[in-house]
Amino acid sequence: MYNTNKKIIGEIALDGDKSIAHRILMMASFIPETSIIYNVPNCLDVNSTKNCLKECGISIKPHFHLIPSLEVKGGTFRNPEKPLDCGNSGSTLRMMLGLFAANGLTGKFIGDESLCRRPMKRIINPLIQMGVSIESNNFKLPISIESNVEKALSLNKKINSAQVKSSLMLAALAMEEYSKIPYDIDTRNHMELIYNFLDLNFRSTENIYVKKSKFKKGFRTQIPGDISNAAFLIAAVLLIPGSSIKINNVLYNKTRFGFIDLLIDMGANIKIDNIDDRHYEKMCTITAQYTKNLRGNIEINKNNIMRMIDEIPILCILATQLEGMTVIKDAKELRIKESDRIGAVFENLFKMGCDIEEFEDGLIIKGGKKLYSTNINSFGDHRIAISFEILNFLIEGKMTYSFEKIIDVSFPKFYEYMDHFIK
Ligand code: S3P
């Protein structure tokens, strides 16, 4: 159980959502006019996308503004002269492959150790079906692509990865005929919203249909605050007596709101207001306060997991503090994220004395037990690192090191915010 006397109090607007940032940067790069994108997060994953695009001849420069902003001028791509380094970012790699297909580019992709372990078959196979030549290390990095899309795609099986769906939506822009991309309705819909915003040849029913489109003119847009980063702060606030936080201009999108919806359902003291629906992505203010009796006994399964897939590590931390049992099923995907997140959560929590069981596709956590401080293994995974930093704070743990470099992948300001808001 927690034993800190400190509390978290503050009001904040977070840097832009990483998932949206990748996509909006890539889409702006198709447009010959200048686009201005406000609130671009300066995290390593998004920087990987930025660098890859620059290597392909796209101009991306800082735009002077109160919040970090970029000017992107695109329209003409060239083949990169050196291998493109996607770092830790699966989104960069998967979606850049689609962007290469859309623009007939040739190049080679590399990445860090974690990315080199991740399977890419789900994206490579459909691209090969479209006629693209791809060489890989048994469906892993390094990947060389020589893009020559010959036919539109007509898939029958639903895609249950937003990265793959978005990548194929990009590749489909190469052809005059519509590609058909069946997809799981719960996968995040940021690309669809951008396609509508840019008025491309696109429609979505139970399938997505996309074909070659004219990019009209440059745009200005603000990326809403990162809801996955908000989730960490909200979880901490709910658990620590006397804490409260107000998060302004944060993303409000049902495909990303699973964790917040679940918390509200558990009786969390959370208020959503100032919903701003003037833009293609909505924003809101989330106010969260310490909640004494959060309801335990929760079950995560195929019906609700997709909309909170990146929040499962922090949900597990929360589960250790709840009375009752948290059951996480149908979560096999977590084994192929930046680390094996099921294994990573299990190993760390088990070491700390948690009542936890591991299954191939999930975990069962019985909460309420006293946990012991120990050095955490982040497995080089940013979301594991941040989740366990929060648990460490909660139990006033005595870790002998922190995870500065790792958290830079998605939430470089995490430690700064914790220092600032901890009273
Ligand atoms: C993402 C989709 C999810 C998520 C990842 C970001 C995206 O992955 O886990 O962090 O931006 O589309 P999958 O597409 O593999 O489900």
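The values are calculated or read from the model by the stated rules, or taken from the named source; none is laboratory data. Since we're looking at a predicted model, the values are computed, not measured. Note that we place each Cβ from the backbone using ideal geometry, even for glycine, and neighbour counts take in every protein chain shown.
Among residues that are surrounded by fewer than 23 Cβ atoms within 10 Å (Cβ to Cβ) and at pLDDT below 95, Thr400 is included. Identify, please: which residue in the range 180-216 is more than 21 Å from the chain's Cα centre (by Cα) and of a type in the set (Ser, Thr, Tyr) and is, among those, surrounded by the fewest Cβ atoms within 10 Å (Cβ to Cβ)? It comes out as Thr205.
If you filter the range 233-257 down to residues that are crowded, with 23+ Cβ neighbours inside 10 Å and within 16 Å of the ligand (Cβ to nearest atom), you find that the one that is nearest to Cys43 (Cα to Cα) is Leu251. Somewhere in the range 291-299, is a residue at pLDDT 95 or above, acidic (Asp, Glu) and assigned to a loop (DSSP other than H, G, I, E, B)? No, the conditions are met nowhere in the range 291-299.
Among the residues of the range 305-325, is there at least one that is within 30 Å of Lys6 (Cβ to Cβ), out of contact with any strand residue (DSSP E or B) (no Cβ under 8 Å at 6 or more places or on another chain) and loosely packed, with under 15 Cβ neighbours inside 10 Å? Yes, the range 305-325 contains a residue that is within 30 Å of Lys6 (Cβ to Cβ), out of contact with any strand residue (DSSP E or B) (no Cβ under 8 Å at 6 or more places or on another chain) and loosely packed, with under 15 Cβ neighbours inside 10 Å.
Yes/no per residue for (1) closer than 28 Å to Leu115 by Cβ; (2) away from the ligand (no atom under 12 Å from the Cβ); (3) not polar (S, T, N, Q):
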site	(1), (2), (3)
Ile317	yes, yes, yes
Glu323	no, yes, yes
Lys329	yes, yes, yes
Ile336	yes, no, yes
Asp361	yes, yes, yes
Lys366	no, yes, yes
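Here Asp85 clears all of (1) surrounded by fewer than 22 Cβ atoms within 10 Å (Cβ to Cβ); (2) within 11 Å of Ser147 (Cβ to Cβ) except the condition numbered (2).
When the range 343-382 is filtered for residues that are more than 14 Å from Ile317 (Cβ to Cβ) and of a type in the set (A, V, I, L, M), only Ile364 remains. Among residues of the range 15-42 that are hydroxyl-bearing (Ser, Thr, Tyr), those with a Cβ under 6 angstrom from a residue that is in a loop (DSSP other than H, G, I, E, B), sequence gap 6+ or separate chain, pair up as Ser29/Ile58; Ser29/Gly74; Thr34/Gly218; Ser35/Gly218; Ser35/Phe219; Tyr38/Ile67. Looking at the range 386-393, is at least one residue farther than 20 Å from Glu113 by Cα and hydroxyl-bearing (Ser, Thr, Tyr)? Yes.
Residues in the range 395-415 that are of a type in the set (Asp, Glu), more than 16 Å from the chain's Cα centre (by Cα) and assigned to a loop (DSSP other than H, G, I, E, B): 1 in all. Count of the range 75-113 residues, restricted to those that are assigned to a loop (DSSP other than H, G, I, E, B), closer than 17 Å to Ile123 by Cα, away from the ligand (no atom under 16 Å from the Cβ) and not small (Gly, Ala, Ser), is 1.
Restricted to the range 117-169, and to residues there that are of a type in the set (D, E, K, R) and more than 29 Å from Met306 (Cα to Cα), the residue that is nearest to the ligand (Cβ to nearest atom) is Glu135.
State yes or no: is Leu168 assigned to a helix (DSSP H, G or I), in contact with a strand residue (DSSP E or B) (Cβ under 9 Å, 6 or more places away or on another chain) and crowded, with 19+ Cβ neighbours inside 10 Å? Considered against the rule, which asks whether it is assigned to a helix (DSSP H, G or I), in contact with a strand residue (DSSP E or B) (Cβ under 9 Å, 6 or more places away or on another chain) and crowded, with 19+ Cβ neighbours inside 10 Å, Leu168 comes out as yes. Checked against the criterion of being of a type in the set (Val, Ile, Thr), touching a residue at least 40 places away in the same chain (Cβ under 8 Å) and over 21 Å from Ile12 (Cα atoms), the candidates Ile305, Ile286 yield just one match: Ile305. Which of the residues spanning the range 16-44 are under 24 Å from Lys214 (Cα atoms) and of a type in the set (Val, Ile, Thr)? Ile20, Ile24, Ile31, Thr34, Ile36, Ile37, listed by residue number. The conditions of being within 20 Å of Ser179 (Cα to Cα) and modelled with pLDDT of 95 or more are met by Ile159. Filter the range 380-423 for residues that are free of Cβ contacts under 8 Å to residues at least 40 places away in the same chain and polar (S, T, N, Q) and give the result. Selection gives Asn392, Thr400, Ser402.
When Ile384, Ile406 are checked against the criterion of being touching a Pro at 6+ places or on another chain (Cβ under 8 Å), closer than 20 Å to Asp45 by Cβ and at pLDDT 95 or above, a single residue qualifies: Ile384.
Residue count for the range 122-151, restricted to those that are within 15 Å of Leu99 (Cβ to Cβ) and part of a loop (DSSP other than H, G, I, E, B): 5.
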